[in-house]
Amino acid sequence: MTECYIRVAEDENEEPMEIPSEEDGTVLLSTVAAQFPGACGLRYRSPVSQCMRGVRLVEGVLHAPESDWSNLVYVVNYPKGKIRSDNKRKMDEMDAASAVKIKRGVQKTSDLIVLGLPWKTSEQDLKDYFNTFGEVIMVQVKRDAKTGNSKGFGFVRFTDYETQVKAMSQRHMIDGRWCDCKLPNSKAGPDEPMRSRKVFVGRCTEDMTADELRQFFMQYGEVTDVFIPKPFRAFAFVTFADDQVAQSLCGEDLIIKGTSVHISNAEPKHNNIHHLFSNFPGRSPSLAAMFERSQYQFPSSHV
DNA sequence: GTTGAGCGTT
């Protein structure tokens with residue numbers, strides 16, 4: 001362990017500042033407090049558990065979580081209830097951070113199709129049945145519009161992803177028939193990109209290098225690829241080893257080198273390539289065609 | 001008034 005710089009920020013979504021460690025690899029709380037007055041400690045988001053973890057603090061000395069500080073961004077802790085001049089703003093940021101935390105910690109659920117329902121099964125029957133697995137937030141029984149007769153299938157949505165996994169892992173005896181819960185085919189399109197390991201990084205600036213993007217996104221998880229189109233087109237693709245990491249970032253605005261970039265799915269539903277060139281009215285329409293033939297096509301086969 | 005692999009009127 002040698003002297004290095006660790007990245008510290010006031011909030012997960014704020015631009016980090018590099019502060020120096022000591023020769024033995026520890027970081028003095030006083031060094032942190034010199035840049036963040038009132039600081040009483042550090043925390044960071046574990047890439048494994050996705051939870052915030054506290055940094056060990058012994059007599060004013062902060063110790064690296066593992067063998068080193070890794071490339072994580074550390075967030076400053078302040079004493080609870082401490083009055084700061086910009087208290088209101090900080091409270092808002094805390095709320096935003098909480099929302100982010102919740103979003104990252106929880107895997108999104110999706111509607112499940114329920115096949116094989118008895119004709120007589122009602123939505124209430126469905127809800128009563130699936131409530132024994134976990135909280136149900138939506139049930140539907142599909143019916144003929146004219147007769148009102150059940151079509152023998154429906155949909156269910158659970159609050160918790162764990163419940164969804166459980167429900168999909170087994171057959172269900174409902175009103176005397178065996179039924180199956182599956183991910184609907186209609187979700188195969190929109191859902192596939194949701195599980196992608198690749199994210200689209202919008203609003204990139206020209207001074208962002210692939211290496212810098214890699215360094216930045218490392219804090220969320222292992223980065224397996226960074227792609228920046230040339231010539232410059234203000235976006236990039238970042239691929240993670242873990243699809244859940246990629247998914248957790250979608251929809252967020254992150255600050256890189258002082259610029260807010262927007263993270264979204266690498267393969268939007270409206271994957272019309274020509275839309276990408278609609279911002280360049282001066283260019284020939286064939287540019288899109290050239291793009292399609294070029295090496296810079298959107299990868300579509302990555303899972 | 002039927003049926004039994006599939007894929008969601010609003």
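The values are calculated or read from the model by the stated rules, or taken from the named source; none is laboratory data. Quick caveat, the model's predicted, so the values are computed rather than measured. Here Cβ is always computed from backbone atoms with ideal geometry, including for glycine, and neighbour counts include all displayed protein chains. Areas reflect the complete protein model, heavy atoms only, side chains present, ligands, DNA and RNA absent. Shrake-Rupley method; radii C 1.70, N 1.55, O 1.52, S 1.80 Å.
Annotations for the structure displayed:
- For the range A:19-32, the Karplus equation 6.51 cos²θ - 1.76 cosθ + 1.60, evaluated at θ = phi - 60°, returns couplings of 10, x, 8, 7, 5, 8, x, 7, 10, 7, 4, 5, 5, 5 Hz by residue, with Gly and Pro reported as x.
- For the pair A:LYS120 and A:THR159, the difference between a 0.36 nm per residue extended length and the Cα-Cα distance amounts to 11.5 nm.
- Accessible area in the full protein assembly, largest first, 1.4 Å probe, for A:LYS151, A:LYS142: A:LYS151, A:LYS142
- Under-5 Å amide H pairs with A:TYR78, H placed in peptide plane, nonlocal only: A:CYS40
- Cα-Cα pairs of the range A:112-182 separated by more than 21 Å (percent): 17 percent
- A protection proxy built from the mean count of other Cβ atoms within 10 Å ranks the segments A:43-54, A:239-250, most packed first, as A:239-250, A:43-54.
- Taken along the Cα-to-beta-carbon direction at a fixed 7 Å, the label points for A:GLU22 and A:ASN185 span 6.5 nm.
- Restricting the calculation to Cα atoms, every distinct pair contributes to the Kirkwood radius of the range A:198-265, found to be 11.6 Å.
- Cα-Cα over 29 Å, subset of A:LYS198/A:LYS257; A:LYS80/A:LYS108; A:LYS127/A:LYS151: A:LYS80/A:LYS108
- In Å, descending, principal axis extents of the Cα set of the range A:5-77: 28, 25, 19
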